[in-house]
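Novice: Dumping the structure here so I can ask a few things about it.
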Amino acid sequence: MDARLEAIRDTVLARNPGEAEFHQAITEVFESLGPVHDRHPEFLEAAILERLCEPERQIIFRVPWTDDAGRVQINRGFRVEFNSALGPYKGGLRFHPSVYLGIVKFLGFEQIFKNALTGMPIGGGKGGSDFDPRGRSDAEVMRFCQSFMTELYRHIGEYTDVPAGDIGVGGREIGYLFGQYKRITNRYESGVLTGKGISWGGSLVRPEATGFGTVIFTQEMLKTRGASFEGQRVVVSGSGNVAINAIAKAQALGAAVVACSDSSGYVVDEAGIDIALLRDVKEVERGRLKDYAERRGGASYVEGGSVWDVNATVALPCATQNELDGDAAARLVRNGLLALGEGANMPSTRDAVAVFQEAGVLFGPGKAANAGGVATSALEMQQNASRDSWSFEHTEERLTDIMVGIHHRCASTADEYGDPGNYVLGANIGGFVKVADAMLAQGLI
Ligand code: NDP
Ligand code: 2IT
């Protein structure tokens, strides 16, 4: 790492102790940014990096609610409004027991660059709670969401901060959150949340967008080697929103998707994942992957273990951060991996990224490859602002153009900085320069 940047990085780490994922995200971005500061000393003079690493606002709040047995439960809520240079703060809410400030800050920091890469007018933010929706009834989830919004509403708004979904937050939760926001504010402010239902201000393609976009980005990487998804053997991790829609799109493009996972284990299905059954089990019944395997002849379920043991030519990690380490990366490379597109945020450890890059694997980092979700959220905001709703075909076409555009921006930036094919460098520099220019123009804020 450039010595000037390393000194700044060390100060940031010392000011934010115990936030390992935030430290990791910062270090990865800083490693790419030396050459930009050689060309733009004005960014150093204006302390752009120091300012970028300090969120504009961080909100932490108590979320009290009662469970179905009438017992009081307490969770912690977060919203980190990281950077508004390009537009209102934009980013998802994550409900998962592992959520703490360091997770929300790493996600919010990544979101700044991701949102910049989309070319849409959105700043970066993230939020969530350590609430675990697993095993909770709809009524409990509703009471939790209502309590969460009873504090959050005062901080968000169409022109201020626009949350959406992430792990544990899908259409059901966005519905409860929107209902409570509307009730408290007495405003039908469609643009305050994205990922809404179609009949009340949502956008077609938003549910599919992250998974579809990851596959479109990966297809663009494959094209640079004269390849496509046709005939590839694909392994996907996770079996939630991003994973399911990545599987569907990869299959539509002619790939054989032979494995996916959840936090309990993984399924190998050599005949190809049955997407209709998977949707039934996971989206309708909110069941486990084990249930899929029991109902699908020929599929086998492996309790525990790593889905990255299954050999693949294309890997799409779509579960969570640091789910793919250096050893798993080395196994994938030995087994013939050609390309990897990150549907999740920071699923590959820094060791894993190094293994892929050394081996010449096409590696699409999350802030580029999974940007289709937030980009389509921005399309939802456009439709809300104009009180319009677009067709599936039109919206998917916009998504495809955006993903092809992001690929182009990353690839051409990597070329410009003398490291062709390095999408990590391209994404970090491409996103950073846009935000840094806007921050310079807006004065010391
Ligand atoms: P979902 O809640 O729909 O699905 C999450 C999936 O990942 C589940 O299969 C879950 O398994 C698995 N998972 C979650 N946490 C862990 C863990 N600690 N260890 C192992 N497996 C885990 O979330 P999404 O599909 O929306 O999100 C997946 C990833 O994609 C996240 O990294 C998210 O930040 C990222 N992302 C999401 C976007 C979106 O639009 N939703 C946009 C861009 C990125 P289990 O059910 O067993 O917990
Ligand atoms: O990580 C992400 O980009 C998301 N969870 C989606 C954010 C959004 O505002 O749609």
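Novice: Taking other Cβ within 10 Å of each residue's Cβ, how do ILE122, ILE445, ILE275 sort, fewest first?
Specialist: Arranged by neighbour count, lowest to highest, ILE122, ILE445, ILE275 become ILE445, ILE275, ILE122.
Novice: May I ask you to compute the full-extension gain from MET1 to VAL72, defined as 0.36 nm times their residue separation minus their alpha-carbon distance, rounded to one decimal in nm?
Specialist: Full extension of this stretch gives 20.7 nm more.
Novice: Further, regarding this structure: Fewest first, what order do TYR153, TYR188, TYR423, TYR292 take by the number of other Cβ atoms within 10 Å?
Specialist: In increasing order of surrounding Cβ atoms, one gets TYR188, TYR153, TYR292, TYR423.
Novice: Any idea what the dipole of the chain comes to, in debye rounded to 20, about its Cα centre with Lys/Arg Cβ at +1 and Asp/Glu Cβ at -1?
Specialist: 1040
Novice: Continuing with this model, one more query. Rounded to the nearest 500, what is the chain's calculated 222 nm mean residue ellipticity when only DSSP H runs of at least 4 contribute -39500 (n - 2.57) each, over all residues?
Specialist: Mean residue ellipticity, 222 nm, calculated: -14500 deg cm²/dmol.
Novice: Right, another one. Please report, in debye to the nearest 20, how large the charge dipole of segment 288-445 is about its Cα centre when each Lys and Arg carries +1 at its beta carbon and each Asp and Glu carries -1 there.
Specialist: 220
Novice: Right, another one. Around ALA352, under 14 Å between beta carbons, what's the net of Lys plus Arg minus Asp minus Glu among the other residues?
Specialist: In short, -4.
Novice: Still on this model: Compute the distance in nm between two label points, each set 7 Å from the Cα along the Cα-to-Cβ direction, one at ASP325 and one at SER389.
Specialist: 4.7
Novice: I've got another one for you. How much length is gained if the chain between ALA438 and THR27 is pulled fully straight, taking 0.36 nm per residue apart and subtracting their Cα-Cα distance, in nm to one decimal?
Specialist: 145.7 nm is the gain from fully extending ALA438 to THR27.
Novice: Related question: Using a cut-off of 23 Å between alpha-carbon atoms, which lysines can reach LYS90, once sequence neighbours fewer than 8 places away in the same chain are excluded?
Specialist: Result set, ordered by chain and number: LYS105, LYS114, LYS126, LYS182, LYS196, LYS367, LYS434.
Novice: Ok, one more. Ranking LYS114, LYS196 by Cβ neighbours within 10 Å, fewest first, what do you get?
Specialist: In increasing order of surrounding Cβ atoms, one gets LYS196, LYS114.
Novice: I've got another one for you. Quote the relative contact order of segment 198-256 in percent (integer), defining contacts as alpha-carbon pairs under 8 Å separated by 6+ residues.
Specialist: 43
Throughout, read-outs are computed from the coordinates displayed, never taken from laboratory work. Please read all numbers here as calculations on a predicted model, not as lab measurements. Positions of Cβ are backbone-derived with ideal geometry, glycine not excepted, and every protein chain shown enters the neighbour counts.
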